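A short write-up of the structure that comes next.
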Amino acid sequence: MSFDNQTIRVLAKVLAVSAVTAVGVGAFAAGADLGQAAKQSTNWTAIAMFGIFVAATLAITKWAAAKTKSAADFYTAGGGITGFQNGLAIAGDYMSAASFLGISGLVFANGFDGLIFSIGWLVGWPVITFLMAERLRNLGKFTFADVAGYRFSQTPIRVFAACGSLVVVAFYMIAQMVGAGQLIKLLFGMDYLYAEILVGTIMMVYVLFGGMTATTWVQIIKAVMLLGGATFMALAVLIQFGFSPEAMFSKAVEVHSKKDAIMAPGALIKDPISAISVGMALMFGTAGLPHILMRFFTVPNAKEARKSVGWATTWIGYFYILTFIIGFGAITNLIPNPASYFVGGDVAKGLVGGGNMAAVHLSGAVGGNWFLGFISAVAFATILAVVAGLTLSGASAVSHDLYASVWRHGRVDQAQELRVSKITTVCLGVIAVVLGIAFEKENVAYMVMLAFVIAASANFPVLFMSVLWKGCTTRGAVTGGFVGLITAVTLTIGSASVWEAVMLYPKGSAWFPYNSAAIFSIPAAFITIWLVSLLDRSRRGDEDRAGFPAQQVRSETGIGAAGASGH
Amino acid sequence: MDDPMVARVTNHPLYHELKSKRSGFGWWLTLAGMVAYYGFILLVAFNKPLLAQKIGGGVTTVGMPLGVAVIVFTIVITWIYIRRANSEFDSLTDRIIKGVVK
C-alpha cells in the first residue's frame, strides 16, 4: 500500500475545486449531481487506462457485430445470455458511476445515513424476483410493452408504454450525460463539449454495430472491473485495521468532525413520509426501468431469468457493503491528511473536487496514481455502459412499439424494423449529446429520482396489474398509467428540489412538502387502473378480461414463450 | 397459443397447485422483504436512539449490524425463492407440460 504524499499532491493539483453543492435526500441517486466541475489539467494515466478499456470493448463490438443479424439479436442478444452473465450485466446497469461515487461520498460526509440509502437501492430486487422476473421472461419478447400489452388492444398500450419508456430514459439519460461531462472534466481534464461528444459517439458504436450482445458484454466487463476495484479498496482499508470494523469505526469517530453522530441515523431523513416515499420509489421504480426490464428477455428461459436476478441482487448488495467500507475508509485515510485532499488544507472547506470525490481520493491514497487512473477510467466506463443500455431500450420502444406495432400494425419485416432501430439509435445519441450540453449548468440531481418515481408510478403499476389481475382492461391500464405519469411529474415539479432549486422560486414556496411523489403517485395509478377497469363495460374490456386465462397459462408455465428452450 | 391448449392446462390439477404454491410463496417472501425494509425505515424515522445505542464498550452502534443484516437478508430471501422455484416449481411445470403436450 502506497501512502506516497508526492502522488497525493500531484493528484490534488490535478483535481481542483468544484462547487458541488449539498444535495438533498434522494438526490444521491444513480446519477447524483456531480456539480459544476472546473476543467483540470490532463490526467494521462487515467486516459491511458480508459483507452485500453475502449479498445477492448470495441474489439468485443466487432465480434458481436458478426453475430448480430436478426432483430432478436439486436434487441435481446438472441436470448443467448446465461443467468450469471445477465446478473452481472443487470448489476452493471444498476451500479452507475454516481451510485459508486455518490453513496461513498454520502458515507464519507454522514456515515450511517449512507447505509440507509444503499439499503433502499437494494430492496426492490426481491420484489422483482418473486413477482415479476419469470413472468416477464415468459410473456416478453423485446420490450416491456410485449408483456404489459399481451392481451390488450395494441395501439393504446404501446403508445403508453413507449411514452413511459422514453420519458424515463430521457430523465435518466440527461442525468448520466451531465454527470459524465462533469466527471470527465474533473478526472481527465477534457473539455465538457468533447467529453459529451466522446460518450455519445462511443456509445452509438456499441449499440449500432453490436446491439444487445455488445451492450451486455460492455456492461459485464465494466461490472467486473468496478467490483474488482471496489473490492481492492475495501480490502486495503480493512487491512489497515486488522479486519476489525470496530477499530475502523473508532478511528473514524475520532477524526470526523461529527464524532459519534456518524454512527447513527442523522438529519438526512427528515420526515417519515419522505423516508417511506423515497423507499417506495426505489423499491418499485427498479421494476419499471425499461433498460432493466429489457435484460430479462436476453436469457433463454424462466430458470435463467430467476438466476439473473439472484446474481444481480447478490452483486449489488455486495457492492453497497463495499461502498460503505470505502466511505469509512475515506474518513480514516483522508481526514488525517488535510493538506493533500482538502481545499486549502482545511477539512471544513470540503474535499478537493467536491464531496463525490471521496472514493477517487481514497483510490489514490491506497493504490497510488495508477490505481487512481484505473478507478477514474472505471467511473467513465460505467457511464458509457449505462448510456448504451438506455439508448438501446429507447430505440426498441420507438422501433418495436411505435413503428412496428402501432404505425405498421405488425406488418413489417425484420430488416425494416432493424433499420428503424438503428436510425433511432443515432437520433437518441445526438439528442443525448445535445441535452447533455443544454443542461450543463443545471442542477440535474433530481432527474434520476424523477426517473425512478415515474417508473414506479407509470410503468410498474401497468405491468403489475396487467400480469397479475384478471380484471384489468386496456382502458384501465392506459388511463391509470397516464394518471401515474402525470401525477409523478406534477408533484415532483412542486417539490423543493425542482420548484426552488431549478425553477428558482423563493425558498419555502414549494407546494409539495415531501422529497418524493411516489407515496401519492403510485396509489393514484393503482386505484385508477382498478376503478376504470371495473367500470369498463366496453366490448374491448370483455375481450381483455377473456384473454387473461391464456396469458396466465403462458406466464406461469412458459408454454409458447419465444425462444424458451426445452419447451 | 390455441384455445384447446389453454383449456388443457387450466384443467390440469397440477396447474392450480403450481399457481397457488408459487404465488403464495412469492407473496409471503415479498411481505418478509417489506417488513424488514420498512421496519428499518420506521426505526430510522421514529426510534433513532435505539439505532444509536452502542454495542458493548465500543463505538459500533446497533444500527450498523442491523443495516448490514437487512442487506444480507434481502440477498438470502432472493436465493431461497430461486432455489425452490428452480427445483420444485420447475419440475411441476415440466410435469404439466408433459401432461398437456401429447
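The values are calculated or read from the model by the stated rules, or taken from the named source; none is laboratory data. Keep in mind that this is a model prediction, so the values were computed, not measured. Counting neighbours? That spans all protein chains shown, and the Cβs are built from the backbone with ideal geometry, glycine included.
Please determine whether any residue of region A:526-544 is surrounded by 16 or more Cβ atoms within 10 Å (Cβ to Cβ) and within 14 Å of chain B (Cβ to nearest Cβ). Even if it seems obvious, please write down each step before you answer.
Pass one, region A:526-544, residues surrounded by 16 or more Cβ atoms within 10 Å (Cβ to Cβ): A:526, A:528-530, A:532-533, A:536, A:541, A:544.
Now restrict to residues that are within 14 Å of chain B (Cβ to nearest Cβ): none.
No, the conditions are met nowhere in region A:526-544.
Looking for whichever is within 10 Å of another protein chain (Cβ to nearest Cβ), at pLDDT below 90 and closer than 29 Å to B:T60 by Cβ here; the options are A:L101, A:L131, A:L115, A:L106. Which one fits?
Working: A:L101 fails: within 10 Å of another protein chain (Cβ to nearest Cβ); A:L131 fails: closer than 29 Å to B:T60 by Cβ; A:L106 fails: within 10 Å of another protein chain (Cβ to nearest Cβ).
Every option except A:L115 fails the conditions.
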Subset of region A:293-303 that is buried (at least 24 other Cβ atoms within 10 Å of the Cβ) and assigned to a helix (DSSP H, G or I) - its residue that is farthest from the chain's Cα centre (by Cα): A:A302
Which of the residues belonging to region A:239-260 are surrounded by fewer than 16 Cβ atoms within 10 Å (Cβ to Cβ) and among the charged types (D, E, K, R)? A:E246, A:E254, A:K258, A:K259, A:D260
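For region A:411-458, which positions are assigned to a helix (DSSP H, G or I), among the β-branched types (V, I, T) and crowded, with 24+ Cβ neighbours inside 10 Å?
Looking only at region A:411-458, we keep the residues that are assigned to a helix (DSSP H, G or I), and these are A:414-438, A:445-458.
Imposing the further condition that a residue be among the β-branched types (V, I, T) reduces the set to A:420, A:423-426, A:430-431, A:433-434, A:437, A:448, A:453-454.
Of everything in region A:411-458, those that are assigned to a helix (DSSP H, G or I), among the β-branched types (V, I, T) and crowded, with 24+ Cβ neighbours inside 10 Å turn out to be A:T425, A:V448, A:V453, A:I454.
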Within region B:43-63, considering residues that are of a type in the set (A, V, I, L, M) and within 7 Å of chain A (Cβ to nearest Cβ), the one surrounded by the most Cβ atoms within 10 Å (Cβ to Cβ): B:V44
Search result, residues across region A:304-323 that are among the small types (G, A, S), touching a Phe, Trp or Tyr at 6+ places or on another chain (Cβ under 6 Å) and either within 9 Å of chain B (Cβ to nearest Cβ) or surrounded by fewer than 24 Cβ atoms within 10 Å (Cβ to Cβ) (or both): A:G310
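Give the residues of region A:138-173 that are among the charged types (D, E, K, R) and at pLDDT 90 or above, sorted by residue number. So that I can check it myself, show each step before the final result.
Our first condition is that a residue be among the charged types (D, E, K, R); within region A:138-173, this holds for A:141, A:146, A:151, A:158.
Within region A:138-173, A:R151, A:R158 qualify.
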Subset of region B:1-29 (residues that are touching a residue at least 40 places away in the same chain (Cβ under 8 Å) and either among the hydrophobic types (A, V, I, L, M, F, W, C) or part of a helix (DSSP H, G or I) (or both)): B:M5, B:R8, B:V9, B:L14, B:Y15, B:E17, B:L18, B:K21, B:R22, B:F25, B:G26, B:L29
Flag for A:A550 being closer than 30 Å to A:P300 by Cα, assigned to a helix (DSSP H, G or I) and more than 25 Å from the chain's Cα centre (by Cα): yes
All positions within region B:64-102 that are among the small types (G, A, S), facing chain A (nearest Cβ under 7 Å) and closer than 22 Å to A:A252 by Cα: B:G67
For A:I325, indicate whether it is at pLDDT 90 or above, out of contact with any Ser or Thr (no Cβ under 8 Å at 6 or more places or on another chain) and closer than 20 Å to A:E134 by Cβ. no
Looking only at region A:459-477, which residues are crowded, with 24+ Cβ neighbours inside 10 Å and of a type in the set (V, I, T)? A:V462, A:T473, A:T474
Does B:T10 meet the test of being within 7 Å of chain A (Cβ to nearest Cβ), surrounded by fewer than 18 Cβ atoms within 10 Å (Cβ to Cβ) and of a type outside the set (D, E, K, R)? yes
Please work out which one of (1) modelled with pLDDT of 90 or more; (2) within 20 Å of the chain's Cα centre (by Cα) is the condition A:A365 fails and give its number. (2)
Can you find a residue that is under 20 Å from the mean Cα position of the chain (by Cα) and modelled with pLDDT of 90 or more anywhere in region A:348-362? yes
If you scan region A:259-282, which residues turn out to be modelled with pLDDT under 85 and at the interface with another protein chain (Cβ under 7 Å from one of its Cβ atoms)? A:I269, A:P272, A:A275, A:I276, A:G279
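Here is a yes/no grid of residues against (1) surrounded by fewer than 24 Cβ atoms within 10 Å (Cβ to Cβ); (2) over 23 Å from A:S257 (Cα atoms); (3) in contact with a Gly (Cβ under 6 Å, 6 or more places away or on another chain):
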{"residue": "A:A65", "(1), (2), (3)": "yes, yes, yes"}
{"residue": "A:K69", "(1), (2), (3)": "yes, yes, no"}
{"residue": "A:Q85", "(1), (2), (3)": "yes, yes, no"}
{"residue": "A:D93", "(1), (2), (3)": "no, yes, yes"}
{"residue": "A:L101", "(1), (2), (3)": "no, no, no"}
{"residue": "A:I116", "(1), (2), (3)": "no, no, no"}
